[in-house]
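So the structure is just underneath, and the comments pick up after that.
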Amino acid sequence: MPVPENHDLLIAASTIWVVVTAVLVMFMQAGFAFLEAGLTRMKNAGHIAGKNVLIFGICSIVYWMVGFGMAFGGGHGFVGTAGFFPSVDELTAVGKAPFDWFSEVPGAAGYLFEVVFAGVSLAIVWGAMAERAKLWVYFVFGVYFTLVYSIVSHWIWSPHGWLFAKGMQDFAGSTVVHYQGALAALAGALLLGPRIGKFGTDGRANPIPGHNIPYAVLGTLILWFGWFGFNPGSTLSVDFGGFGFFAYVALTTNIAAASGALGGVLTAWLVLKKPDISMMLNGVLAALVAITAACGYVAPWAAVVIGLVAGFVAVVGVIAVERIGIDDPIGAVAVHGMSGVWGTLATGLFASPDLSRRLATGTGGLVYTGSFHQLGVQALGLAAVGGFTFTASFAALWAMKRVWGIRVEEETETAGLDVSEHGMWGYPEFYIPVPGGYDAWVTPPWERGRAPSPQVPIAPRAVPEPSG
């Protein structure tokens with residue numbers, strides 16, 4: 001058997017690396033399922049967790065059909081124009097058109113890695129829309145947003161993209177993945193309005209606590225774990241930036257997340273007077289979001305600063321979003337949006353000139369060069385992506401709201417989406433038929449014998465009478 005040439009070995013090693021990291025990023029869907037289900041109410045737990053499977057399925061098909069070509073299939077500065085319904089030859093070739101951007105892995109590996117990123121961005125959208133959006137909206141907007149996402153990723157990550165040509169630095173997607181997802185989430189939250197009982201007649205927010213904090217903790221740890229595919233895997237080869245450079249990216253990712261945990265819990269302790277666990281978790285995720293743009297460009301000390309500030313941004317941002325009357329059950333706007341903005345701008349502040357040259361993207365940041373050039377490019381990218389993605393998302397959701405309606409009926413929301421939308425419960429042991437009649441059947445054990453909460457009234461029409 002002939003010995004493979006060095007280039008063949010490099011392709012083989014890079015392909016294994018990219019596929020393994022893609023699987024790690026896909027596993028982040030499990031993290032989102034636990035996190036979002038834990039931070040919402042038990043009557044919606046099955047629906048919230050299950051939608052992560054649904055949206056990834058939708059995204060995977062749409063991205064294979066047209067999204068991958070729109071993002072990386074040649075084209076011009078705005079969108080790719082080739083590689084739609086890619087053929088066997090296009091998916092097995094290495095470094096050849098239309099997916100020649102992937103110079104050390106076959107097109108299929110490129111697809112697999114990029115589609116899981118699109119799936120993460122789409123998962124973010126539903127966090128701010130949780131507990132009140134109709135199921136069909138997931139199908140329609142899931143298809144639409146996958147296309148919007150593909151256009152923006154072409155701008156920044158494709159060598160043909162106009163922001164790529166200007167030297168925008170977004171190593172793994174603070175802008176492309178997280179900021180975009182948060183913009184669509186914000187549009188959805190504004191059009192849906194708050195959950196029943198979230199705000200009183202005086203406009204003050206009422207707490208609607210999540211039903212399972214250990215789930216949220218587990219989800220956060222899974223996401224932290226998956227981020228070691230998200231950021232290091234974005235090298236797309238084992239030698240980009242130098243052999244083993246992905247290990248350095250993993251290091252900056254980890255210390256930023258660790259700093260975010262501290263920043264989040266300390267900020268919560270100061271602002272809320274308690275070391276709130278959910279805010280600590282938000283601090284971790286916000287730091288991971290923020291370092292995602294910068295992870296290949298900054299020194300370790302800068303990663304710590306980015307993480308600490310992101311933890312602060314998460315806590316203050318969640319509070320600010322609620323105070324202006326927006327109901328965001330899992331803090332998606334603050335954690336993924338505001339922290340995505342911070343991470344993108346922080347790259348323009350702290351990017352090392354040496355690392356920028358090594359990665360052949362952009363220039364050094366303000367702290368090193370005294371120049372506002374890179375910071376200006378980062379700000380331009382945020383403005384362009386923000387204007388395009390929010391406008392496109394708001395317009396589509398507004399049209400859907402006017403034509404069909406995007407929010408479930410009041411009695412459906414009250415009873416919970418598990419049974420109303422799916423005919424089953426995430427926690428059936430709390431709702432199965434028991435002696436005592438219909439009211440005992442639909443009422444959790446801890447509510448029996450007392451009047452229903454005025455914020456969550458029981459709506460018998462939403463659940464059918466048990467038969468037999």
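Please treat every number below as a calculation from the coordinates, not as lab data. Small disclaimer: the values here were computed from a predicted structure and weren't measured. Neighbour counts run over all protein chains shown; Cβ positions are idealised from the backbone, glycine included.
Miscellaneous remarks
- Residue-wise HN-Hα coupling along region 105-116, computed from phi with Karplus coefficients 6.51, -1.76, 1.60 (Hz; x: Gly, Pro): 9, x, x, 4, 5, x, 4, 4, 6, 6, 5, 5
- For region 262-308, the fraction of alpha-carbon pairs lying more than 16 Å apart is 39 percent, rounded to a whole number.
- Helix 245-271 axis, angle to the chain major axis (alpha carbon atoms, nearest 10°): 40
- Mean-position separation - Cα centroids, region 32-79 and region 170-206, in angstrom: 17
- Acute angle (nearest 10 degrees) that the helix 180-192 long axis makes with the longest principal axis of the chain, alpha-carbon atoms: 20
- The trypsin sites (Lys or Arg not before Pro) of region 165-234 that meet both conditions, a loop assignment by DSSP and at most 12 other Cβ atoms within 10 Å of the site Cβ, are Arg204.
- For the chain: rounded, prolate or oblate by the Cα gyration tensor [a/c cutoff 1.5]: prolate
- The residue among Gln378, Leu54, Thr235 whose Cα reaches farthest toward the positive pole of the charge dipole of the chain, with charges on the beta-carbon of Lys, Arg, Asp and Glu, is Gln378.
- Each residue, Met424 and Leu135, gets one label point 7 Å from its Cα in the Cβ direction; the gap between the two is 1.1 nm.
- Taking amide H atoms as placed 1.01 Å from N in the peptide plane, the amide H of Phe199 lies under 5 Å from those of Asn206, each 5 or more residues away in sequence or on another chain.
- Tilt relative to the chain, helix 45-62 - C-alpha long axis, 0 to 90 degrees, to 10: 40
- Within the shell defined by Cβ-Cβ distances under 14 Å, the residues around Gly200 carry a net charge of +1, with Lys and Arg each +1 and Asp and Glu each -1.
- For region 145-153, 3J(HN,Hα) per residue [Karplus equation, 6.51 cos²θ - 1.76 cosθ + 1.60, θ = phi - 60°, Hz, x = Gly/Pro]: 5, 4, 6, 4, 4, 5, 5, 5, 5
- Ranked Phe243, Phe34, Phe145, criterion: other C-beta atoms within 10 Å, fewest first: Phe243, Phe34, Phe145
- Lys-Lys pairs in the chain that are eight or more residues apart or on separate chains and whose Cα atoms lie under 25 Å of each other come to 13.
- Extended-chain gain in nm, criterion 0.36 nm per residue less alpha-carbon gap, Arg323 and Asp239: 25.5 nm
- Using the Cβ-Cβ distance between Leu190 and Leu221 with R0 set to 45 Å, the FRET efficiency from 1/(1 + (r/R0)^6) comes to roughly 0.90.
- Per-residue ellipticity at 222 nm computed for the chain from its helices equals -19500 deg cm²/dmol, with DSSP H segments shorter than 4 residues left out and the rest contributing -39,500 (n - 2.57).
- Dimensions (Å) - region 23-178, Cα atoms, principal axes, largest first: 50, 33, 26
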